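Quick notes on the structure that follows.
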Amino acid sequence: MPSSPANSDLPVAGEAPAGTGLLDALQHQVAVFARRAEQTRLGGVGQARNSMDRAAYLLLNRLDLEGPMGVKALAGGMGIDSSTVTRQVAPLVDGGLVKRTSHPEDGRAVVLALSPRGLARLEEVRSSRRELMARVTEEWSEEERESFTKLLTRFNLSLSELMAGVADAGPAS
């Protein structure tokens, strides 16, 4: 019986050696999720669908949640390099979504802040993505949504901590 597209990414029983099945299934589902997320970019529905790339969304979201901050703080909080943040923020500044202002205590330092236009755009994209999540999980109970969110958050934090430890350890000798 041919597999349907919805089931084509499920691991076939008996493929994994004994004792590794659950971890193999987990890594496989993470890989499938990454591909699906990249294919759809989890960009929402409607007019705002795929209208903001992941980097821009994450930067704008952090500025909204944590307020104005410098490039170094923004990079540190996101676990990426300052030069990457500088490169990713440039088009957001050019597009009027982020504004550069002087630090309130040290006028020489530059602080990045979400502009009113940036906040409006972020809300539009959030709403679109929220609708996508509602559709994807429409047959899930509220408890299932909460459980999945908690586990995915925990997974992301563990992965972030692991990657930070790998970066701190430097290259293998």
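The values are calculated or read from the model by the stated rules, or taken from the named source; none is laboratory data. In this text the structure is predicted, and so the values were computed from the model without any measurement. When we count neighbours, we look across all protein chains shown, and the Cβ atoms used for this are built from the backbone with ideal geometry, even at glycine. Note: accessible area is taken over every heavy atom of the protein model, side chains too, but ligands, DNA and RNA are not part of it. Shrake-Rupley method; radii C 1.70, N 1.55, O 1.52, S 1.80 Å.
Hey, with R₀ at 30 Å, roughly what FRET efficiency would Met163 and Met133 work out to, going by the Cβ-Cβ distance, to 0.05?
On the way: r = 25 Å, r/R0 = 0.84.
About 0.75, to the nearest 0.05.
Quickly work out the Asp24-to-Leu58 label distance, labels modelled 7 Å from Cα along the C-beta direction, and quote it in nm with one decimal.
Going by the 7 Å Cα→Cβ label model, 3.1 nm.
Lys and Arg at +1, Asp and Glu at -1: add these up for the other residues within a Cβ distance under 12 Å of Gly96 and post the number.
Here the count lands on +3.
Lys99 accessible area, nearest 10 Å², 1.4 Å probe?
90 Å²
All other residues with a Cβ under 13 Å from the Cβ of Asp81 taken together, and with Lys, Arg as +1 and Asp, Glu as -1, what is their net charge? Before the final figure, lay out the partial values.
Details: positive: Lys72, Arg87; negative: none.
Computed value for this residue: +2.
Set the Förster radius R0 to 22 Å, insert the Cβ-Cβ distance between Ser147 and Phe33 as r into 1/(1 + (r/R0)^6), and round the FRET efficiency to 0.05. Show your work: numbers first, answer last.
On the way: r = 16 Å, r/R0 = 0.73.
Using R0 = 22 Å, I get an efficiency of 0.85.
Give me the accessible area of Met133, 1.4 Å probe, in Å² rounded to the nearest 10.
Taking all protein chains as shown, Met133 has close to 90 Å².
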